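Asker: I have a structure I would like to understand better, so I am pasting it below and will then ask my questions one at a time.
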Amino acid sequence: MALVPVVEALERLLDGAVPLEGESVPLIEAVDRVLAEPVVALRTQPPFNASAMDGYAVRAADVASVPSKLAVIGMAPAGRGFDGTVGQAQAVRIFTGAPLPDGADTIVIQENVRDIGGGNIEVIEPAAEWRNIRRIGLDFSKGDVLLEKGRVLDPAALSLAASANHPRVSVVKRPLVAIIATGDELLPPGSELGPDQIISSNAYGVAAAAQSVGARALDLGIAADRKDAIAGMVRKAVAAGADVIVTLGGASVGDHDLIHDVLTGEGMTLGFWKIAMRPGKPLMFGRLGDIRCIGLPGNPVASLVCSQLFLKPLLARLGGRAYRQDFRQARLGTAMPANDLRQDYVRAVVREGHGELVATPFGIQDSSMLRMLADANGLVVRAPFAPASAAGDVCSVLMLR
């Protein structure tokens, strides 16, 4: 099977991927979720003409010239309006958020009033009509579309939905990713290792990549290098309602690389297998009914680079999120040799230098070296058959953070 170019592989993987159906959740649980339906105002805000300041509700005509003596006839605290009507030379003590009493058309702030005793005040600064009043519907009116479908619910959006009297919102379901590590040599962190064993680390990075775009991660653990063991975990993933199954390792062509055989035996239709990229050549993709299956390489760096390039865009789309890789231009900090037929993703440190970015690749690019990937903040992207580059040449960098 010929190697599939990266761009074509991504197109195939995303083909037909649409946001999952919506679900209703309480506002308190909706942070960073994606709206499946618009939020329409169920009320008008403010629902009445309201005082924007602490002070006195008066008639503008009575305070056009100052000083002006007014009789205080009542009080209007927030949540309990004044029942009467403000007449000529009268005032009502009012507090922020309280309804404007009938007859009043302006608010004199308390700093501009003197208490002269006997239930009277003296206004010492004039106030024009509608000063310090929040008019009815200033923020929004009943029936207004306040938040569009697809909006990610940040704190301001959640507060707006609450003020519009929505206790719940309809949001896109978060994709569920079932992660299956494979390999007799693997043990979980904290284990006592035998002489031929290593720690299983890939699942944690892949789960973090999934969660960074709003997906849920289900770690099903480590499957032994046996078809029945792997098939059992695949069936668990299906039973759990996974939208995506990610396998780690076992997708190459060795005697113990069993993922392809197991998944096709479970009914998967193969989409592609083997990508023209480095690291990550053994990547596999297929469909098991409505479930998308991604076989990631076992090498840790390859697994995480492929998660960045393929898994995150897929999960973002299923979750209704816009997603764009952060590609930037930079200058090379060191020379690089010509590339071969595979698109190369070279781990590098990217820094600001003289007003532009400078990307300096690490000297060793072994796909097992997690420390180097953790130290890198960018990947220098080199096209297939790219010629040798000198230090200072312009390059494309995929930023990681």
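The values are calculated or read from the model by the stated rules, or taken from the named source; none is laboratory data. Everything numeric here is computed off the predicted structure, so don't read it as measured data. When we count neighbours, we look across all protein chains shown, and the Cβ atoms used for this are built from the backbone with ideal geometry, even at glycine. What goes into the accessible areas is simple: the full protein's heavy atoms, side chains included, and nothing from ligands, DNA or RNA. Shrake-Rupley method; radii C 1.70, N 1.55, O 1.52, S 1.80 Å.
Asker: Considering only residues that are open to solvent by 80 Å² or more (accessible area, probe 1.4 Å) and free of Cβ contacts under 8 Å to residues at least 12 places away in the same chain, look in segment 205-234 and name the one that is farthest from the chain's Cα centre (by Cα).
Answerer: Selected residue: D228.
Asker: What residue, of R93, R12, R80, is closer than 30 Å to E122 by Cα, among the basic types (K, R) and not in a loop (DSSP other than H, G, I, E, B)?
Answerer: R93
Asker: Let me ask you something else. Within the set of pairs 6 or more residues apart or between chains, which connect a residue that is hydroxyl-bearing (S, T, Y) inside segment 372-401 to a residue that is open to solvent by 20 Å² or more (accessible area, probe 1.4 Å) and not in a strand (DSSP E or B) with Cβ atoms less than 7 Å apart?
Answerer: As it stands, the answer is S389/A335, since those pairs meet every condition given.
Asker: Next question. Which residues, taken from segment 343-377, are open to solvent by less than 70 Å² (accessible area, probe 1.4 Å), out of contact with any strand residue (DSSP E or B) (no Cβ under 9 Å at 6 or more places or on another chain) and within 27 Å of V4 (Cα to Cα)?
Answerer: S368, L370, listed by residue number.
Asker: Next up: How about segment 64-77: which of its residues are touching a Phe, Trp or Tyr at 6+ places or on another chain (Cβ under 9 Å) and closer than 19 Å to I124 by Cβ?
Answerer: L70, V72
Asker: May I pose another question? With the condition kept exactly as written, say whether any residue in segment 164-172 is out of contact with any strand residue (DSSP E or B) (no Cβ under 6 Å at 6 or more places or on another chain), exposed (fewer than 14 other Cβ atoms within 10 Å of the Cβ) and at pLDDT 95 or above.
Answerer: yes
Asker: Next up: Where in segment 120-220 are the strands (runs of 3 or more DSSP E), entirely inside, with at least 1 residues that are more than 30 Å from L309 (Cβ to Cβ) and among the charged types (D, E, K, R)?
Answerer: Those strands (runs of 3 or more DSSP E) span 120-123, 168-172.
Asker: Would you pick out the residues in segment 298-309 that are open to solvent by 10 Å² or more (accessible area, probe 1.4 Å), of a type outside the set (S, T, N, Q) and either under 9 Å from V246 (Cβ atoms) or out of contact with any Gly (no Cβ under 6 Å at 6 or more places or on another chain) (or both)?
Answerer: P300, L309
Asker: E111 is checked against (1) assigned to a helix (DSSP H, G or I); (2) of a type outside the set (A, V, I, L, M, F, W, C); (3) crowded, with 16+ Cβ neighbours inside 10 Å and fails just one. What number does that condition carry?
Answerer: So E111 meets the others, but not (3).
Asker: Which residue out of L138, L100 is in contact (Cβ under 8 Å) with a residue 60 or more places away in the chain and hydrophobic (A, V, I, L, M, F, W, C)?
Answerer: L138
Asker: Taking the stated definitions as given, is M268 within 30 Å of A36 (Cα to Cα) and open to solvent by 10 Å² or more (accessible area, probe 1.4 Å)?
Answerer: In short, yes.
Asker: Among the candidates V58, V66, V39, V86, which residue alone is touching a residue at least 12 places away in the same chain (Cβ under 8 Å) and within 34 Å of the chain's Cα centre (by Cα)?
Answerer: Every option except V39 fails the conditions.
Asker: Tell me which of these I133 doesn't satisfy, since it passes every other one: (1) among the hydrophobic types (A, V, I, L, M, F, W, C); (2) closer than 22 Å to F95 by Cβ; (3) in contact with an Asp or Glu (Cβ under 6 Å, 6 or more places away or on another chain).
Answerer: All conditions pass for I133, except number (3).
Asker: Specify the residue that is farthest from H166 (Cα to Cα); the eligible residues are those in segment 31-71 that are open to solvent by 50 Å² or more (accessible area, probe 1.4 Å) and outside any loop (DSSP other than H, G, I, E, B).
Answerer: Among those that are open to solvent by 50 Å² or more (accessible area, probe 1.4 Å) and outside any loop (DSSP other than H, G, I, E, B), it is K69.
Asker: Could we say that P46 is within 30 Å of W130 (Cα to Cα) and in contact (Cβ under 8 Å) with a residue 60 or more places away in the chain here?
Answerer: When the stated conditions are applied, P46 passes them.
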